[in-house]
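Colleague: Input: one structure, supplied below.
Taken together, the values in this text are just the output of simple stated rules run on the coordinates, not laboratory data. Only a predicted model underlies this, so the values are computations on that prediction, with no experimental measurement involved. Here the Cβ is made from the backbone with ideal geometry for all residues, glycine too, and neighbour counts use every protein chain on show.
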């Protein structure tokens, strides 16, 4: 019998707790071996009902326990660089929640460290690539059956934002998913970003200009635009419309029971990303586990993390200047030859 | 220049008033010449803003005015027989709101009187034949492109019922439209009717068993069923699903602006038949006017009125007995050779 | 009895022929009195089956016939200025197909001529204001029930373009409708236009860069964008998504029978603007006739024609320069105080 | 660490192979320990890539291997009785694909054998109870927020049938799912079944009368009807519309990317039950595994298997007679007190 992956989950906050539950109850071939959190009590609470899992305050202790052979990083982004470099040294398979790191320079350091190991060890948590809608749209693009893809119109709407969500995070925390999705759908790099600021909602916290309209170009000239609206009140929605030479495709439509009551037809809007992308997270983690057991990665690479970090930097600058800002990337290392496709 | 049709509208109640407004503001080639109502004040109110139109308490007076050359009958059904026979004698083009008459025997008398005149003068107000959805479904059936039609599942739902709406009227006032629509869609006569009574809503007035499930067969064996639910609270809906050998077709879906708000997606349910079938009424009346100016009828004939009256009789008997009740028709007069198609 | 409007239709091409048919068979209160076309044979063909209508080679002859008391202008746009000034001199009620004139300077001359007459005589043919979807969205904006309107995402897609359709006409013939619709929905003027040119379809004729992404701002900062794609192959589509503070509204969704066959669900795409906006044209012409009989106009004014001409000029310049181009308007004459609302 | 369930899968045909793959790659907490098939080569092929799993020609050998502590029965239904009784004797947790057994008498023997063990060991494979749509509809019924449930309109359509699919199997193999779903949704037993045979498709194999219209009543008088159409050509569809006192709910609508191309809007019809109910099968098996590890069952019980067997018997009789046939059940053993809810 194959040994299951023994995973250390670093970070027991919202995303971490979600992944711990996922690994413990739904993912085949992996078990939670350790939970690491600076807040040791939170780590202990997370493993309370998982026999065979231990709680630690540091990743080093978890690794030294001898029971860990894989790591899932779910801490805030500014802590990723250090955690990634440490795990790369131990040659562990790594699933790193997005972003890889918060900026292009630190992301590039991670890329260089991974390249030095000679193989891809880091998979980045862009889970949209595992969502049925994006997968089917990606297949349509690559099949060529509707001709070339020409434009993408994206909507990314949240009901509201947690405390501490800044104006820059509209780009770095939300639009970052569209940056990767556009790269995934087109198999191209993004070459420029521009941000339009117009009329703002009265429902946003101080400091946020919400919504924003983000204009994106890819290397072959595909035009994309994103309405990012993070205090949209009505609910959660992530949707994309793609204009091809021979047809128009929409993904991300509403679903669920269709109810007619009290003069209204319709259903319930998805309340949040967990409901919208829960199955995609399951598929993502399972893909990582399956690949890790073979010594590979099963999704977006460190290069994808680096390239989107560069987009985010350009996006934040564009937010401030109102200008179109070019996205410039280092040369792609040979290790990542076949990525984003 | 062609003379416009000078129409006497008999009955200035809800449907009559609606048709008066339609003839006066939207229908090309016809004008309201007279409004007839036993309640003369109601007739006078109806013509108050229509220059050239007169109010009368009886149809005879309207005809004697010399200004009328067509008649639209919008009184309650039990008054139709007399009004139809009088108008036939004057050889006027007649648009008669459904039902032709309330029962098969009186409807047959009208048919015989019309046959005696040698041409079709009566058009019956089954306006669904002028609704885009039914028309397109009818074309699909006749084209044969989806193979034979095998089953029809119909829904007829009202938010509530006006005072005086009886249990029999679920059949004679509501399902009567499905009787005609099924005949129109299949180009066949109905051969039997059965009614299932199950759990009833607590929202219906005393005496009504609501909803009911009506089972219908046509001469070639097409099975149809109708959910008639006249106190359905949520709004108005008339929809049909058709199962063909090679495909399934739905008409009557919800429309209008698609709104996402407060955790719900959807739109507004049609509030009533005026909104759902307003355009069909316009098309129906225009078709009658155009045909009348040529000396013809432009829609369902007196035969259709008679055949559906026979279905209603069978339906009411089926409601009481719970049995499958056969629908038996007299031989079809040659005059109506090409009807229902 | 009120006299019907006796309309001279100038121009018997595609749009003119459509309006002649409409006036002759569906519009209450108006008749076709004259058809004017430089190609007299075309004019004669248009009146062949209309008793009481005459054909002329010039508008002057039609007016001198003494049988005309209203005019509908359906010639190419470059002929509008002369026709409008002539009809204004005769104080006729005028329905002028869009555009009012092809550029802002000539449109302003028409505005000045109308202002000199002291009342509004010109209604411009922006028929979207009579489409159910735009009307309902406009009502939602004005009601405030979803909070302020923040963004509009518009799609305008044609299957292909007629011979002679130039790159500039993407703006002046197609986006011009969105210019007016955005003004109508926001009750504001447009302040700037920018055009993004990205990857182009291989299906467009030489000289057209298709599709284009048009970025628009209104005076209060509402951001709008339009995908204009006039060789989109799949069919015709005009749709808008509106982001409000408290909800998202879509209009222009697909309709008609819902068919499941051969592994596919769905229905038929609207083939062209006649099918999509036929009912809106009917409503527009009826509104003009009803208003003209009262000595008023019943829709968009010459001011709306002028303001959209200025948007078109800016749009064409933006197409060439790639820059954001400001839209500058003359001061609004008091005569048009309540327009666009 | 908890031990995983070591499952013997009996039957390596279509459903068996599907469940083997599911247990091996997606289900957490269970492994395939043995595959049993009379055709030993088929069993061997099924375990070829599963380290730690063995192939056997009989269940007895699998049990004697000492490596099995649970059993999933996926053989044809006529073999279930024997397999169930053997597994009950060994006190194993059992997941039995539907039907429990082919008729009510044999199903009752299984119930009695299970009751004799003193606890529920058998879970029956009615996977619709694990489908999101049915779950959400069930919740709506039980919440009472739309008032009482009054009627259910069900559609069960397959593109075609495998060789050997008989006329009786329309009831026993297909409608059996609706029998259970109706019991699940209403929390009531079915009291009668009737079958209408009308016009039949020309696409069905000899011996099948297809489609059929099945009329069902529950103990409180809820009326249900099922269109069962197993050679419907267009694709696969399982959908239900529920009429409540205060609203109408549809589940099972079409989904996936929404494409406009070549004059059509829409998407792809689900091709078969694997695509439609794949996630439900996963959820069902996971629920059984989780419950089995606690010594319980996590879904429909042997009572549900017995009650639906009685419905199938009545349905087949109704198919032949055309009459309404009562469904009569033995008294429910106390062991199953809380089932179907």
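Colleague: Over 17 Å, how big is the tail of the calculated P(r) for the stretch C:238-340, in percent of all Cα pairs?
Modeller: The answer is 75 percent, as a whole percent.
Colleague: For the stretch D:139-279, what is the relative contact order in percent, using Cα pairs closer than 8 Å and at least 6 residues apart in sequence?
Modeller: Relative contact order comes out at 32 percent.
Colleague: How big is the Rg/Rh ratio for the stretch A:190-246, C-alpha atoms only, Rh by Kirkwood, two decimals?
Modeller: Answer for the stretch A:190-246: 1.05.
Colleague: Counting other C-beta atoms within 10 Å, which of B:264, A:142, C:260, D:129 has the fewest, and how do the rest follow?
Modeller: With the fewest neighbours first, B:264, A:142, C:260, D:129 line up as A:142, B:264, D:129, C:260.
Colleague: While we're looking at this one, here's another question. Which chain D residue puts its Cβ closest to the axis that rotates D onto C, and at what distance in whole Å?
Modeller: Taking Cβ atoms only, the nearest residue and its distance are D:266, 1.
Colleague: Right, something else. List the extent of the Cα atoms of the stretch B:97-185 along each of their three principal axes, largest first, rounded to whole Å.
Modeller: 41, 40, 21
Colleague: Can you put B:168, D:178 in order, fewest other beta carbons within 10 Å first?
Modeller: B:168, D:178
Colleague: Ok, one more. Using alpha carbons only, how many degrees (0 to 90, rounded to 10) separate the axis of helix A:302-321 from the longest principal axis of chain A?
Modeller: Roughly 40 degrees, rounded to the nearest 10.
Colleague: While we're on this one: In a Debye calculation with equal point scatterers on the alpha-carbon sites of the stretch A:28-176 and no solvent, what is log10 I(q)/I(0) at q = 0.08, 0.10, 0.19 Å⁻¹?
Modeller: Evaluating at q = 0.08, 0.10, 0.19 Å⁻¹ gives log10 I(q)/I(0) of -0.32, -0.49, -1.26.
Colleague: Grab the beta carbon distance between residue D:48 and residue A:61, set R0 = 45 Å, and tell me the FRET efficiency rounded to 0.05.
Modeller: Once the sixth-power term is evaluated, E becomes 0.60.
Colleague: Need one number for the stretch B:71-148: average projected area of the convex hull over its C-alpha atoms, nm².
Modeller: Average of the hull's projected areas for the stretch B:71-148 equals 6.5 nm².
Colleague: In the P(r) worked out for chain D, what percent of Cα pairs fall beyond 38 Å?
Modeller: Summing the P(r) tail past 38 Å for chain D gives 16 percent.
Colleague: Among A:282, A:290, A:148, which one shows the highest mean-square fluctuation when chain A is modelled as a Gaussian network with alpha-carbon springs under 10 Å?
Modeller: Result: A:148 has the largest fluctuation of those listed.
Colleague: Based on C-alpha coordinates, I'd like the Rg and Dmax of the stretch D:151-289, in Å.
Modeller: Gyration radius and largest Cα-Cα distance of the stretch D:151-289: 16.4, 50 Å.
Colleague: Using every alpha carbon pair in the stretch A:1-47, what percent of pairs falls into each 10 Å bin from 0 up to the bin containing the largest distance?
Modeller: 31, 53, 15, 2
Colleague: For residue A:220, place a label point 7 Å out from Cα along the Cα→Cβ vector, do the same in each other copy, and report the separations in nm, one decimal, smallest first.
Modeller: For residue A:220, the inter-copy label distances come out at 4.1, 4.9, 5.8 nm.
Colleague: Give, in whole angstrom and from largest to smallest, the semi-axes √(5λ) of the equivalent ellipsoid of the stretch D:138-188, with λ running over the eigenvalues of the Cα gyration tensor.
Modeller: They are 30, 10, 8 Å, listed from largest to smallest.
Colleague: Specify the angular offset, from 0 to 90 degrees and rounded to the nearest 10, of the alpha carbon long axis of helix B:132-143 from the longest principal axis of the alpha carbons in chain B.
Modeller: So the inclination is approximately 70 degrees.
Colleague: Tell me the distances, shortest first, between residue A:164 and the same position across the other copies, using label points 7 Å along Cα→Cβ, in nm to one decimal.
Modeller: 6.2, 6.6, 7.0
Colleague: Below 8 Å, C-alpha to C-alpha, sequence gap of six or more: please give me the relative contact order for chain A in percent.
Modeller: 20
Colleague: Highest GNM mean-square fluctuation, chain B, Cα pairs closer than 10 Å: which of B:299, B:272, B:144?
Modeller: Largest GNM mean-square fluctuation: B:144.
Colleague: Only bridges whose two residues both fall in chain C count here: according to DSSP, what percent of them are antiparallel, nearest 5?
Modeller: In chain C, DSSP labels about 55 percent of beta bridges as antiparallel.
Colleague: Could I ask something else about it? Report Rg/Rh for the protein assembly as shown, rounded to two decimals, where Rg is the Cα radius of gyration and Rh the Kirkwood radius.
Modeller: Checking Rg against Rh, the ratio lands at 1.00.
Colleague: Note the distances from residue A:57 to each other copy's matching label point, with points 7 Å along the Cα-to-beta-carbon direction, in nm, sorted shortest first.
Modeller: Reported distances to equivalent positions: 6.4, 10.2, 10.2 nm.
Colleague: Just tell me how shielded C:227-239 is by partners: mean number of partner chain Cβ atoms within 10 Å of each residue's Cβ, no decimals.
Modeller: Average neighbour count from other chains, rounded to a whole number: 5.
Colleague: If neighbour count is taken as other Cβ atoms inside 10 Å, put C:101, B:308, C:161, D:60 in order from fewest to most.
Modeller: D:60, C:161, C:101, B:308
Colleague: I'd like the orientation of helix C:176-186 relative to chain C: the angle between its Cα long axis and the longest Cα principal axis, in ° from 0 to 90, rounded to 10.
Modeller: Once rounded, the angle reads 80 degrees.
Colleague: If the elastic network links every pair of Cα atoms under 10 Å, which of D:93, D:257, D:300 fluctuates the most in the Gaussian network model of chain D?
Modeller: Result for chain D, Cα springs under 10 Å: D:257 fluctuates most.
Colleague: Rounded to the nearest 5, what % of the DSSP beta bridges within the protein assembly as shown are antiparallel ones?
Modeller: 60
Colleague: Which whole-number percentage describes the relative contact order of the stretch D:63-161, with Cα contacts under 8 Å and a sequence gap of 6 or more?
Modeller: Computed value for the stretch D:63-161: 22 percent relative contact order.
Colleague: Could you tell me the distance between the Cα centroids of the stretch A:214-259 and the stretch B:188-241, to the nearest Å?
Modeller: 42
Colleague: Also: Set the Förster distance to 56 Å, then compute FRET efficiency between residue C:3 and residue C:105 from the Cβ-Cβ distance, nearest 0.05.
Modeller: E(calc), rounded to 0.05, equals 0.90.
Colleague: Quick check: Cα centre of the stretch B:274-333 to Cα centre of the stretch B:25-87, how many Å?
Modeller: Measuring centre to centre over Cα atoms gives 22 Å.
Colleague: Please give the calculated 222 nm ellipticity per residue for chain A, where each DSSP H segment of at least 4 residues contributes -39500 (n - 2.57) and the sum is spread over every residue; nearest 500 deg cm²/dmol?
Modeller: Only helices count here, giving -10500 deg cm²/dmol.
Colleague: Ratio of the stretch B:245-303's C-alpha Rg to 2.2 N^0.38 Å, to two decimals?
Modeller: Its radius of gyration relative to the 2.2 N^0.38 Å reference: 1.75.
Colleague: What does the C-alpha gyration tensor say about the overall shape of the stretch D:4-82? Classify as rounded when a/c is under 1.5, otherwise prolate if a/b is larger than b/c, or oblate.
Modeller: Judged from the Cα gyration tensor, the stretch D:4-82 comes out rounded (a/c under 1.5).
Colleague: On to the next question. Residues in the stretch D:172-210 near a label at residue B:323, defined as backbone nitrogen under 20 Å from the 7 Å Cα→Cβ point?
Modeller: D:194-197
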